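Participant: Input: one structure, supplied below.
The values are calculated or read from the model by the stated rules, or taken from the named source; none is laboratory data. Remember, it's a predicted structure, so these values are computed and weren't measured experimentally. Here the Cβ positions follow ideal geometry from the backbone for every residue, glycine too, while neighbour counts run over all protein chains shown.
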Amino acid sequence: MNKLSDNTLNNTPLRKIIHIDMDAFYASVEQRDNPSLRGKPIAVGGSKQRGVVAAASYESRRFGVHSAMPSVTAARKCPGLIFVKPRFEVYRKVSDQIREIFYHYTDLVEPLSLDEAYLDVTQNKQAIPLATAIAENIRTEIRQQLNLTASAGISYNKFLAKIASDFNKPNGQYLIHPQHALAFIDQLPIHKFFGIGKVTAGRFLQMGITNGADLRRQELADLVKWFGKQGAYYYHIARGNDDREVNPNRQRKSISTERTFENDLSSSSEIQQQLNLIAEELLQRMQKKNSFGRTLTLKVKYTDFHQITRSRSKAYCINDRETLLELVQALTTEILPTPLNIRLLGLGISNLDTDENTGGVQLTLGF
């Protein structure tokens with residue numbers, strides 16, 4: 001397989017990074033704690049009439065149900081779907097137990113949410129030489145102590161570790177070795193790149209860029225011209241370069257979600273409906289990350305790509321559906337009637353109050 005070229009990773013310190021991702025976390029906790037739900041298609045969050053799915057069991061995923069899907073759509077795709085009320089206090093407790101397992105091996109743990117985290121195990125507390133062995137030990141401890149399964153991705157940077165954790169899901173792990181990284185990236189479909197969403201992937205496909213090899217053939221100046229500052233990110237990850245450190249003290253500044261529509265929105269009713277769905281998804285993300293804020297911002301991009309934002313703040317954290325939807329309604333009145341059709345809507349929460357609160361060394365040992 002291809003080895004890293006001389007112009008790849010020239011200035012990037014090699015690390016041993018593990019990305020741990022719990023398997024259908026919320027749904028798996030519910031099935032663990034309620035035997036009557038085991039083996040059945042369940043969705044955590046929402047109901048048959050309203051709301052958004054926060055998590056879907058693997059049984060329901062076979063029908064096309066996934067997180068952030070409107071509940072009515074999920075119920076239509078899977079007629080026998082069982083909706084379960086989320087228990088975020090339980091998920092947070094289990095997440096803390098999982099994190100304690102991580103700390104047996106390293107203090108360089110960067111939680112991304114309740115169910116996933118990056119670990120830097122370049123130098124670890126157990127002096128285990130292989131990152132693959134550490135990942136296996138962690139997954140075994142989670143299974144034995146908590147009766148849950150986790151998947152792991154192992155590589156020399158965050159980007160590749162994140163992608164690798166999806167390759168043997170559920171209950172598996174995958175290694176992308178530095179010597180094989182470019183060969184792996186070259187064959188990776190463009191929509192599988194972490195950081196490239198559905199709309200951007202569509203743009204790449206229209207340009208004839210279908211995989212990592214195609215992306216690596218593009219010039220930096222062209223990618224920046226086409227995609228702005230994100231173009232530089234695409235240029236570097238296509239070459240296996242990602243020098244971001246695992247940051248155990250990472251502070252999230254905001255949480256947001258947005259949708260780009262295939263057909264531009266024009267009527268007030270469909271704009272309000274879409275904003276309500278986006279608000280539900282935003283609330284799920286805040287709850288998942290156990291992070292709530294005081295300022296809600298509405299983002300609108302019109303059909304001519306002109307963009308505006310509108311914000312409202314509270315003196316206290318917005319952590320319930322009623323307050324959130326009330327603010328969404330107030331912000332919606334500020335943009336209606338719409339002067340142009342709308343191609344994108346987004347909502348973000350900032351001024352966060354959360355209870356989630358090293359440099360690399362040259363790699364000499366194996367993975």
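Participant: Looking only at region 93-106, count every residue that is surrounded by fewer than 13 Cβ atoms within 10 Å (Cβ to Cβ) and part of a loop (DSSP other than H, G, I, E, B) and tell me the total.
Facilitator: Of the residues in region 93-106, 0 are surrounded by fewer than 13 Cβ atoms within 10 Å (Cβ to Cβ) and part of a loop (DSSP other than H, G, I, E, B).
Participant: Please state which of the following conditions residue 109 fails to meet, knowing it meets all the rest: (1) surrounded by 23 or more Cβ atoms within 10 Å (Cβ to Cβ); (2) among the β-branched types (Val, Ile, Thr); (3) touching a Pro at 6+ places or on another chain (Cβ under 6 Å).
Facilitator: Unmet condition: (1).
Participant: Would region 304-324 turn up any residue that is surrounded by 18 or more Cβ atoms within 10 Å (Cβ to Cβ), out of contact with any helix residue (DSSP H, G or I) (no Cβ under 7 Å at 6 or more places or on another chain) and either within 19 Å of residue 261 (Cβ to Cβ) or at pLDDT below 85 (or both)?
Facilitator: no
Participant: Considering (1) at pLDDT below 95; (2) closer than 14 Å to residue 21 by Cα; (3) of a type in the set (A, V, I, L, M), say which one residue 119 fails and leave the rest.
Facilitator: Exception for residue 119: condition (1).
Participant: Sticking with this one: Can you go through 338, 332 and tell me which one is surrounded by 15 or more Cβ atoms within 10 Å (Cβ to Cβ), hydroxyl-bearing (Ser, Thr, Tyr) and not in a helix (DSSP H, G or I)?
Facilitator: Exactly one residue qualifies, and that residue is 338.
Participant: Assuming residue 170 fulfils every condition listed in (1) part of a helix (DSSP H, G or I); (2) surrounded by fewer than 22 Cβ atoms within 10 Å (Cβ to Cβ) apart from one, which condition is it?
Facilitator: The single condition residue 170 does not satisfy is (1).
Participant: Follow-up. Tell me which of these residue 135 doesn't satisfy, since it passes every other one: (1) within 16 Å of residue 106 (Cα to Cα); (2) part of a loop (DSSP other than H, G, I, E, B); (3) of a type in the set (A, V, I, L, M, F, W, C).
Facilitator: Only one criterion in (1) within 16 Å of residue 106 (Cα to Cα); (2) part of a loop (DSSP other than H, G, I, E, B); (3) of a type in the set (A, V, I, L, M, F, W, C) is unmet by residue 135, namely (2).
Participant: So the check is Cβ under 8 Å with 6+ separation or different chains; which pairs have a first residue in region 192-215 that's more than 18 Å from residue 181 (Cα to Cα) and a second one that's surrounded by 18 or more Cβ atoms within 10 Å (Cβ to Cβ) and hydroxyl-bearing (Ser, Thr, Tyr)?
Facilitator: Taking only residues 6 or more apart or on different chains, the pairs are 196/234.
Participant: Still on this structure, please answer the following. Considering region 77-92 alone, what residues qualify as being surrounded by 13 or more Cβ atoms within 10 Å (Cβ to Cβ) and in a helix (DSSP H, G or I)?
Facilitator: Answer for region 77-92, where residues must be surrounded by 13 or more Cβ atoms within 10 Å (Cβ to Cβ) and in a helix (DSSP H, G or I): 77, 88, 90, 91, 92.
Participant: Report the residue count in region 263-299 for those that are in a strand (DSSP E or B) and within 18 Å of residue 326 (Cα to Cα).
Facilitator: Number of matching residues: 8.
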